[in-house]
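Report on the following structure.
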Amino acid sequence: MRYRDSETGWAGPAGLVDRVSEVREPVPGLAAFVVHESGLGDLAAYRDILAQLGFDVLHESALDARCRSAMAEHLQRAHPDGADPPRRLLAVHDVYPDRRPRHRGDAVGSNDNARVLRAQWKMRLHTNRAGTVSVSVSADADQAVAWLSLLAPVRVESVLELARRRNDAFCTPYPVLADLSKHACRAKVELIDFHGRRAICKTFRPGRERFLSREVKARELGASLPEVSRLLEVGPRHLVVEWYADSLPRILAPRPPFFRHGLLPLWVIERLRAVILHYRRLGYECIDLSPRNLLYDPYQGLRIIDFEFLQPGPEVADTLKGNYAWYPVPRDFPGDVPPRARRRPYWDRWFFYTGLPRRMCLYELPRPLLALTRSLALVPLTLAGLQRVGWHAVRRLGRGV
């Protein structure tokens, strides 16, 4: 089935879009999303997906008949079985493109930024209409410039200049020794040389300065807590904190057989209770706090390193019951909330590290009672680990066939 525009019926000359790629120099991180007719009703959701993954929309416009016709031949080659007419252009920018190689099972296709394919996959999954293509994406920054030059020529220079300024603003102000970033949807994390000493620099994406403000606020409110990492410097878009050696895996015990990690020591759980309660008494909630935010330095002890989602709660509380680190965040909460924090944060993230029912973490109970309860939890954790090992063995066997 040949792709044709629903209004003009014309597909445009072959290779027209690709030849425009040589007109202007691309900017790293630039991408173009073309929303098809079937995806117009989901535009708001698409914008949310882009924001969650770290993109910023630099230009958005509806496509007129000429632009739809000009894109038709290119989209015909990409979707030979047919696609809805293209209706809207979103020129987006990612100051920290994901260059890591994709793993099996990721979104199909090729791109110089894996985050682009991830966004496209999430958008199509959201629309979820069989046999339709709701959104198409540029293959790389070169093609993004080509699409933008063809579909919004008067905006090309301003978009490229804005993208360059954003890239410059995201540069690390100190020599980088190692990149420690994971998803980096809000900030990149790097080990730096800070005036002759090792330190951690967290540089936030443009437009995500509110997360930086929360990190600073957490240090101000938690100055009396030894577990809160200390600030060395705060800039317009970055902060520098002390570097700590991470030996947390060494103190996780007991470890259930076949399980990927051990359990947090009881004294760590007690300190977590104290930290969460400290902020609740000040009217704040430790949203999205997880075991991955914990470090253990052999010389400086337990440290909590991430407070991007620390926000004022609905009221001052003197109890751990209902805290937003271990309980789902209510749907009517007006602040920033990652989707996982609205589900089952304790059972999905903490139980496998505490080995205790949530209720037993809310109160100060005798350690022998907690130790006995954890010994019972070793059974289901061992079975879960055995199941994981079994699945890995089956997958390895399948790859070898």
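The values are calculated or read from the model by the stated rules, or taken from the named source; none is laboratory data. Because the structure is predicted, anything quoted here is derived from the model rather than measured. In this analysis, Cβ positions are derived from the backbone assuming ideal geometry, glycine residues included, and neighbour counts consider all displayed protein chains.
Can you work out which of the residues in region 351-379 that are basic (Lys, Arg) and surrounded by fewer than 18 Cβ atoms within 10 Å (Cβ to Cβ) is nearest to Val268 (Cα to Cα)?
Of everything passing the filter in region 351-379, Arg367 is nearest to Val268 (Cα to Cα).
Within region 238-259, can one find any residue that is assigned to a strand (DSSP E or B), hydrophobic (A, V, I, L, M, F, W, C) and in contact with a Lys or Arg (Cβ under 7 Å, 6 or more places away or on another chain)?
Yes; the residues of region 238-259 include at least one that is assigned to a strand (DSSP E or B), hydrophobic (A, V, I, L, M, F, W, C) and in contact with a Lys or Arg (Cβ under 7 Å, 6 or more places away or on another chain).
Please verify whether Ala245 is hydrophobic (A, V, I, L, M, F, W, C), within 25 Å of Lys188 (Cβ to Cβ) and touching a Pro at 6+ places or on another chain (Cβ under 9 Å), treating the condition exactly as stated.
Here the answer is yes, as Ala245 does meet what is asked.
Criterion first (farther than 30 Å from Pro380 by Cα, in contact with a Phe, Trp or Tyr (Cβ under 7 Å, 6 or more places away or on another chain) and assigned to a loop (DSSP other than H, G, I, E, B)) does Glu315 satisfy it?
no
Return the total of residues in region 114-134 being within 21 Å of the chain's Cα centre (by Cα) and either of a type in the set (A, V, I, L, M, F, W, C) or modelled with pLDDT of 90 or more (or both).
Count: 11.
Going by what's in this entry, would Arg280 be described as farther than 23 Å from Tyr363 by Cβ and either surrounded by fewer than 20 Cβ atoms within 10 Å (Cβ to Cβ) or of a type in the set (Lys, Arg) (or both)?
Criteria not met by Arg280.
Please count how many residues of region 167-177 are at pLDDT 95 or above and either exposed (fewer than 12 other Cβ atoms within 10 Å of the Cβ) or assigned to a helix (DSSP H, G or I) (or both).
So the answer is 1.
Just to be sure I understand, how many residues within region 332-380 are out of contact with any strand residue (DSSP E or B) (no Cβ under 6 Å at 6 or more places or on another chain) and in a loop (DSSP other than H, G, I, E, B)?
The qualifying residues number 16.
Can you tell me which of (1) at pLDDT below 90; (2) surrounded by fewer than 20 Cβ atoms within 10 Å (Cβ to Cβ); (3) assigned to a helix (DSSP H, G or I) is the one His183 doesn't meet?
Result: His183 fails condition (3) only.
Restricting region 65-113 to residues that are basic (Lys, Arg), under 29 Å from the mean Cα position of the chain (by Cα) and not in a strand (DSSP E or B), which is modelled with the highest pLDDT?
Arg99
What residue, among those in region 139-157 that are over 20 Å from Asp112 (Cα atoms) and in contact with a strand residue (DSSP E or B) (Cβ under 8 Å, 6 or more places away or on another chain), is surrounded by the most Cβ atoms within 10 Å (Cβ to Cβ)?
Leu151
Check Ile251, Ile200 and return the single one that is among the β-branched types (Val, Ile, Thr), within 17 Å of Arg303 (Cβ to Cβ) and buried (at least 16 other Cβ atoms within 10 Å of the Cβ).
Exactly one residue qualifies, and that residue is Ile200.
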